[in-house]
Amino acid sequence: MPALRTLLLSSLALGAIVFWCCGLGGEERAELVIGNGPDPMSLDPAQCQSVADGRLMAALFSGLVTLDPTGGPPQQGMARQWTVSEHGKRWSFNLRPELRWSDGTALIAPDLVWSYLRFLQPSTGARMADLLDCVVGAADHRRGLAPASAVGITASSAHEIVFQLREIHPCFLTLLAQFPLFPVPRHVIERHGSAWTRTENFVSNGSMRLVSRRLRDSIRLEPNPHWLSKTPNGLQSLEFRCVDNPATLLNLYVAGEVDIAMDVPMAAMPTLLASPHAAPGSELRRHTRLGTYFLRLNVRHPSFENAAVRSALALAVDRVALTTRLLRGGEAPAWNFTPPGIHCGTLLHQAPPPQHATLAAAQKLLQTGLASQGLRELPPFELLHTTDPLDAAVSEWLQQRWQEIGVTCRAVALDARTLRTRMAAGDYAAARSTWMADYDDASNFLECFESTSAANRTGWISPAYDALLREARTLVGDDAARSAKLREAETLLLSAGPIVPLFHHASRTLVKPWVRGFTPNPLEWVNPAALWVQR
Amino acid sequence: MQHLPAVLLFVVLPCVLLWLARNAARRTQRRAALLRRAAWLPLTVLCVHGLSFLLIHAVPGGPFDDERPLPAETRAGLEARFGLDRPMLVQWAAGVSGMARGDFGPSLAHRDYSVSEVVITALPPSLLLGALALAWTLLLGIPAGVWAACRRGKAADHAVNAAIALLLALPTFVLAGLLMIPLVFQWRLLPAAGLHEPAAVLLPSLCLGLPLAAQVARLVRSGMLEALRGEWVRTLRAAGLPERRVAAGALRLAMVSVVAFLGQAAAAVLTGSLVIEQLFAIPGLGAHFVESALNRDFTLALGVVILYTALAYVLNWTADLLLPVVDPRAEVS
Amino acid sequence: MKARLWLLACIGLAALLVPLLPLADPAAVDLERALQPPSAAAWLEHGRTLPQWHGPLAGPCAALRRACFGDAQIAPLLGTDALGRCVLARIANGARISLLIALVASLASLSVGTLWGASAGLAGGRGDQLLMRGADILGALPLTFLVIFVVALLRSWRAENPESSLDQTAVLLLVTAVVSWIPAARMVRAEVLSLRSAVFVDAARLAGATPARILRQHILPNTAPVAIAAWTLTVPRILVLESFLSFLGLGVEAPGVSWGLQLRQGCDALTAVHASWWLIVFPGLALALTLLLLGSVGEALRVRLQPGGAA
C-alpha cells in the first residue's frame, strides 16, 4: 500500500499548502457589511451603470448635489448653494471652499469642468454619456462635432461652476446627483491614466475612501479624513460584499455575515412576509421602485402589425393575479408605463384596473384585429426572455394566460446579451424588458418611445406622440400643464400598445435591527454617511 | 518583431520537440511519447484559441449590449479602446501574439483589471477548492469502494451502489442546497458563503468532491472485484496471507484505474467548480468563466479557456506520468 | 437482474404512455395552490383541464384516455411547485425528455465515438495521431464554454429559420451529444489497439482472413463491452449536463419540462428561510433510480458480452 499512502498524503499536503498560501481570514469583519449586487464594472463612476454600482459610488464620491433618501429635493453636496437664472437655462453652483480629495489635494471648479468633459468623451466609455445632452454643446461634443470650448460648462472662478442649458430640464438638479456624473480626480488620472482605479492609486471625494478591494468578493472602505463633516457616530469601516446570486445573499444574511441584503430571492418572499421579519420597521424593508417590468411587442413583426391584436394581448393579462399570487414581493400591478409616485412635475397616477379586463373582451378585440388582417388565428410567436428564474416564471404564466384566448407563444430563454442584441436589431416578436428610472420624472420613461430614441426598439413611430413630448418639454415649470401633456402621451402609448406593462418593481431589502439610519427609497440607493450601527 | 514570441512558442518549439521525439524514439519509447505530448501542448492551445475565437465572434450579442442602449459614439469609443474595431484576422493575430507573451489584454467587464490579473487573483481560490475536493474524492471514494467490494452482494454493497447512483445523478447545485440546510442553518457549523475564514472552504469542496468520490468508489469497487478474481490475488491467498493483506493487494491493482482517472478528475474539479463558486460566492476562476462567456467578455473568456486547456492538458499528462509508479506493467506496454 | 430490467422497462413504458395516463397537465399554472406539500388526502380529482398534446397520435391518445378515465386526474400527491403545477405530472412528463435525451444523445455520442475511436485504432500511425489529436483538441475545449456558445448559436439559427425541424429537444440532443463523445472514442481506440495485436487476430490473419472480415468478425464484436462501459458512463454525464444547462437557464424551454429543469426549480425554492423539499427530493429520486438501473443493466450487459461469457 505504499503507493496509496503516498497518494493520500501528497493530496493532503497539497491541500494544506494551498490552504496556507491563500492566507484566508486575515481581515476582521467590518463594522457594517452591505450585501450588494455583482462586482462593479469599474471604480470609475462614469463607467458604472447598475444600481448596485451606484450604492458603492455614493459612498466613495459626492456629486455637486446629493439625493435625499427620504425623497425630498436634492441637498447640498460639493456645492454649498446654487442659483438658477430666470429663464431656467443658466445654473451656477458655488462650491464649498474646503473641498478636498481623499489624498488632501484641493478640489476646484476647473478640475470639475475637466471631469464633466471627460465624461462626455467617447473614449471614456460612459454608459450614460447622453445624460448631459440638455447642456449647450454637450451632445455635439460627445459626437465629435464641436470642440470642448463649445460645451456650456465653465468655471467662472475657482469655486464657481456654471451650466448653460440648451432647454429647460425638468429636474436638472437630480440629474447632477446621478452617480455617473460624480467627479473624478484630474491630477490622478493625468498621472496614472486608466490605472487610476487601482486600489493603490485610487482617490475619491466622498465620505468614505477605498481601503482594499478583492475582485468579485469585497470592497472595504473607511472614513475619508478629508471629508467635509465628521459625524460623531459614523461608521469606522464599511464593507461591500459583491454577491451575484440573491439566494447566496440571503444565506449570508441569515448566517449573519452581512448586515444588509440588498435583494431577496423571489422564492423566499412568502415565508418572509408571513414571518415577524415583515412587520413595519423590522428587518424586511419594502419600497416601490421607480422601475417597470414590461413586454415589448415588435410592431414590425407580421403578427403584431395590428394595434388591436397588441391591445388584446395586454388586456388578457391579469396583473393583480401576477403580483399577488406569483411574485408576492410587494410589486405593484402595472397598467401604466410610468410607475406610481414618480414626480418632478407630473401628477400621473396609476390607472384603475380596466373594468372590461376580461378574457371575453380580450378575445373579441383579438378577433376584430385579426379579421382586419384577414387572419383567423394569431400565428404562434416567440416570447424572448432572459435566463433569470423570475423571467422564466412570468413567461410560463403568460403562456398560460394567452393560451386561454387562443394565442400560442413559445417562451425562449436567451442569455441577456443575445436578448439585447436581438431586441436592438428588431429581430423578435415579443420580448421582456425592464426600465429603471435614472431620475424621478415621468419623461424619463416616456421618452424611451420617442421615434428617435434608441431605447424604443419596437419600431413604433408616432408623430403625435413625439409632438406631445416636445410640447411637454416646453412646459417645464408648469407642472399641471406638463403632466396633462405627459398623461396624454402615455394614453396614446398604451392604447397603441407596442408595450404591455406588467408590474412595477419593488425593492426588497433585509436590514438587521442594529443598523440605523437606513431609509428605503424608490431609487434603491444607500447614503452611507447616514448609517450607523447600534448593537 | 512583435510576433516573435508567438512564432517561437507555437512554431519553433513544437518542431524542435517533435524532432527530439523522433530522435529519442530509437532509445526509449516512453520519452519519445512524452516529448511528443509536450510538443502538442502549444499546438492544442493554438487550435483551442482559434476555435474559441471563432465561436465567440460567431455568437450573437456583444459585450456592450445592454438594456439601456449605449450611445453610438460611446460604443465606437469603447470598441476602439479595446481594439474590437479591427479586422477579425488582425484581432486574432494580436490575440495569439499576446497569448505568447502571457498578455491577454484588458478585461471588458472588469475594466480595472487586465485578464492576467483577473486570472491570477482567481486562481488561488479555485486551486484551493480543487485540491480539497480531490482530497475528499480520495478520502471518501477509496474506503467506500473497498468496503463495497469486500462485502459484495451484502447490504453495505447495495447501500454504496445506491449512494453512488444518487451522487452521480444529483447536480452539484442540488447537493449544495441539500447539504447547506443542516450544516449551515440548523447546526451552524459552517459559514454560508465566501472564503473569509478557513472553514468556509469545507462545504463547497465537499459538494465538488462528492460526485467524483462516487466515480472513484465505483472504479475501486469494480477494480477490486476484478482483482480478487485474478491470478495475482489467488497467489496471495495460496501463500496464506490473511484476508486483510489480500484485500490490500487487490486494492493496489484497483488503484491503477483510479490514478488514470485522477488527471481527468483534477480537470473536472477545476472546470466543474463554476456552479459551486457561484452558489458559495467564491471569487474563483469557474464563476469568471461562466460570467465572461455569458457577458461576452471576449478577452477574459479566451484567457480562461486557454488557462483551463493548458491546465487540463498538464494534469492529464501528469496522471500518465504517475501511472507507471503505481502500475509497473504500464512501463512495458 | 430480471427485476431491474422489468423496473427499467416500467419506467420507460410509463414515460412513453404518459398521454394515456390520468395525469394532470404539467404546464397548467394554478396560483391558487402554489407550493402545496405532498398529501394523500385525495387520490383523484375531477373537472380540471386535461393536458393538450400535439402530433399525429394526439387525437387518438386523448380519446383513449377520456374513454378509460373520463376527466379524472391523479391529485398532486407529490405536492405542487411555485406555479401550482403537479410535481408528479411534471416528473412523468420530464421523464420523456430526460430519458429521450439520455438515450438518444448517449447512443449518438457512442456511435460517433466508437466510429472515431475504431477508425483511429485501425488506421494506426499518422491517421491515428491525426484523429486522436483532433479529439484531444475538441476535448480540451472546456465544456461549459462550448455549451453556452453552441446553445446560443443554435437558438439564433433556429430563430432565423423558423421552418426548420430543429426544435428545442433537437438542440439539446445535439449539444449534449457533441460534447460527450470524446471519452468513448478514447476508450474504444485503446481497446481496438490492443485487439489489433491480439493472438486471435494474428491467427485469423494467418488463416487468410481479409482485413474487412477481421474487422467485422473479430474486432468490432469485441469492442462491444468497452462501448457499453463507455455508454454507462455517458448517460449520467449527459443527464447532469442537461441539468447544468437548466441551471444556466438554457435547458428545456417552457412549457416543456425535464428532470434537470425540475431540480433547478427545486433548488430555487430551497432558501435559507424556507425549504420546499418535495421539489428536489422526488425528481432527484427519479433521476437517481433511473441511473442506478441503467448502470446495473449496462454492467450486466457488459459482462454478458464479454468474450468467454460471464467472467
field: Identity of the residue in region C:167-211, outside any helix (DSSP H, G or I) and surrounded by 13 or more Cβ atoms within 10 Å (Cβ to Cβ), that ends up modelled with the highest pLDDT
entry: C:Trp181
Matching residues, region A:494-505, being at pLDDT below 90 and either closer than 15 Å to A:Pro170 by Cβ or crowded, with 21+ Cβ neighbours inside 10 Å (or both): A:Gly497
message: Tell me whether region A:507-514 contains one or more residues that are in contact with a helix residue (DSSP H, G or I) (Cβ under 6 Å, 6 or more places away or on another chain), within 30 Å of A:Gly35 (Cβ to Cβ) and at pLDDT 85 or above.
response: yes
task: Go through region C:279-306 and give me each residue that's more than 9 Å from chain B (Cβ to nearest Cβ), in contact (Cβ under 8 Å) with a residue 40 or more places away in the chain, surrounded by fewer than 21 Cβ atoms within 10 Å (Cβ to Cβ) and not aliphatic (A, V, I, L, M).
output: C:Gly298, C:Arg302, C:Gln306
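Taking region C:31-59 on its own, how many of its residues are part of a loop (DSSP other than H, G, I, E, B) and farther than 18 Å from C:Leu77 by Cα?
Within region C:31-59, residues that are part of a loop (DSSP other than H, G, I, E, B) and farther than 18 Å from C:Leu77 by Cα number 6.
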task: Within region C:198-209, identify whether any single residue is within 14 Å of chain B (Cβ to nearest Cβ) and either aromatic (Phe, Trp, Tyr) or out of contact with any Pro (no Cβ under 6 Å at 6 or more places or on another chain) (or both), and answer yes or no.
output: yes
field: Subset of region A:100-117 that is over 22 Å from the mean Cα position of the chain (by Cα) and assigned to a helix (DSSP H, G or I) - its residue that is nearest to the other protein chains (Cβ to nearest Cβ)
entry: A:Leu117
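The rows are residues; the columns are (1) within 14 Å of chain A (Cβ to nearest Cβ); (2) in contact (Cβ under 8 Å) with a residue 24 or more places away in the chain; (3) not in a helix (DSSP H, G or I).
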{"position": "B:Gly286", "(1), (2), (3)": "yes, yes, no"}
{"position": "B:Phe289", "(1), (2), (3)": "yes, no, no"}
{"position": "B:Leu294", "(1), (2), (3)": "yes, no, no"}
{"position": "B:Leu302", "(1), (2), (3)": "no, yes, no"}
{"position": "B:Ile306", "(1), (2), (3)": "no, yes, no"}
{"position": "B:Asn316", "(1), (2), (3)": "no, yes, no"}
{"position": "B:Leu322", "(1), (2), (3)": "yes, yes, no"}
- prompt: Can you name the residue in region A:203-233 that is within 14 Å of another protein chain (Cβ to nearest Cβ) and small (Gly, Ala, Ser) and, of all such residues, is farthest from A:Leu107 (Cα to Cα)?
  reply: A:Ser218
task: Please find, within region A:42-63, the residue that is modelled with the lowest pLDDT out of those that are part of a loop (DSSP other than H, G, I, E, B) and farther than 16 Å from A:Ser102 by Cα.
output: A:Gln49
query: Taking region A:451-470 as the search range and keeping residues that are within 14 Å of another protein chain (Cβ to nearest Cβ) and buried (at least 20 other Cβ atoms within 10 Å of the Cβ), which one is nearest to the chain's Cα centre (by Cα)?
result: A:Arg457
query: Checking B:Ala33 against (1) over 20 Å from B:Leu315 (Cβ atoms); (2) among the aliphatic types (A, V, I, L, M); (3) out of contact with any Phe, Trp or Tyr (no Cβ under 9 Å at 6 or more places or on another chain), which test does it fail?
result: (1)
- request: Might you let me know whether region C:230-239 holds any residue that is within 28 Å of C:Trp259 (Cβ to Cβ), small (Gly, Ala, Ser), crowded, with 17+ Cβ neighbours inside 10 Å and in contact (Cβ under 8 Å) with a residue 12 or more places away in the chain?
  value: yes
- prompt: Residues B:Ala214, B:Ala238, B:Ala254: which one is within 30 Å of B:Leu170 (Cβ to Cβ), out of contact with any strand residue (DSSP E or B) (no Cβ under 8 Å at 6 or more places or on another chain) and more than 13 Å from chain C (Cβ to nearest Cβ)?
  reply: B:Ala254
Breaking point among (1) surrounded by fewer than 24 Cβ atoms within 10 Å (Cβ to Cβ); (2) within 30 Å of A:Ile499 (Cα to Cα); (3) not aromatic (Phe, Trp, Tyr), for A:Gly256: (2)
- prompt: When you look at C:Leu154, is it in contact with a helix residue (DSSP H, G or I) (Cβ under 6 Å, 6 or more places away or on another chain), surrounded by fewer than 22 Cβ atoms within 10 Å (Cβ to Cβ) and free of Cβ contacts under 8 Å to residues at least 40 places away in the same chain, yes or no?
  reply: yes
field: Leading residue by the ranking (modelled with the highest pLDDT) among those in region C:140-163 that are over 15 Å from B:Glu291 (Cα atoms) and facing chain B (nearest Cβ under 7 Å)
entry: C:Leu153
Considering residues of region B:148-195 that are within 12 Å of another protein chain (Cβ to nearest Cβ) and at positive phi only, the residue farthest from the chain's Cα centre (by Cα): B:Arg188
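Let me confirm something: among B:Gly105, B:Gly95, B:Gly61, which residue is touching a residue at least 60 places away in the same chain (Cβ under 8 Å), more than 10 Å from chain A (Cβ to nearest Cβ) and either among the acidic types (Asp, Glu) or at positive phi (or both)?
On inspection, the qualifying residue turns out to be B:Gly105.
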- prompt: For region A:417-432, what are the residues that are more than 7 Å from chain B (Cβ to nearest Cβ) and either in contact with an Asp or Glu (Cβ under 6 Å, 6 or more places away or on another chain) or within 23 Å of A:His504 (Cα to Cα) (or both)?
  reply: A:Leu419, A:Met423, A:Ala429, A:Ala430, A:Ala431, A:Arg432
statement: Requiring at least 2 residues that are among the hydroxyl-bearing types (Ser, Thr, Tyr), the strands (runs of 3 or more DSSP E) wholly within region A:142-241 are A:153-157
- request: Select, from A:Glu283, A:Glu257, A:Glu239, A:Glu200, the only residue that is of a type in the set (D, E, K, R), free of Cβ contacts under 8 Å to residues at least 24 places away in the same chain and within 14 Å of another protein chain (Cβ to nearest Cβ).
  value: A:Glu200
task: Only helices (runs of 4 or more DSSP H) wholly contained in region B:1-81 count here; list those with 1 or more residues that are charged (D, E, K, R).
output: B:13-24, B:29-58, B:72-81
- request: Within region B:121-135, track down each residue that is more than 7 Å from chain A (Cβ to nearest Cβ), more than 19 Å from A:Pro38 (Cβ to Cβ) and among the small types (Gly, Ala, Ser).
  value: B:Gly130, B:Ala133
field: Residue in region B:113-120 that is within 23 Å of B:Pro63 (Cβ to Cβ), modelled with pLDDT of 90 or more, at the interface with another protein chain (Cβ under 9 Å from one of its Cβ atoms) and part of a helix (DSSP H, G or I) present
entry: yes
- line: Exception for C:Ala135 within (1) at pLDDT 85 or above; (2) over 24 Å from the mean Cα position of the chain (by Cα) falls at (2)
- prompt: Given the conditions (1) in contact with a helix residue (DSSP H, G or I) (Cβ under 8 Å, 6 or more places away or on another chain); (2) of a type outside the set (Lys, Arg); (3) assigned to a helix (DSSP H, G or I), and given that B:Pro182 satisfies all but one, which numbered condition is not satisfied?
  reply: (1)
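The values are calculated or read from the model by the stated rules, or taken from the named source; none is laboratory data. In this text the structure is predicted, and so the values were computed from the model without any measurement. Every residue, glycine among them, receives a Cβ derived from its backbone with ideal geometry; neighbour counts consider all protein chains shown.
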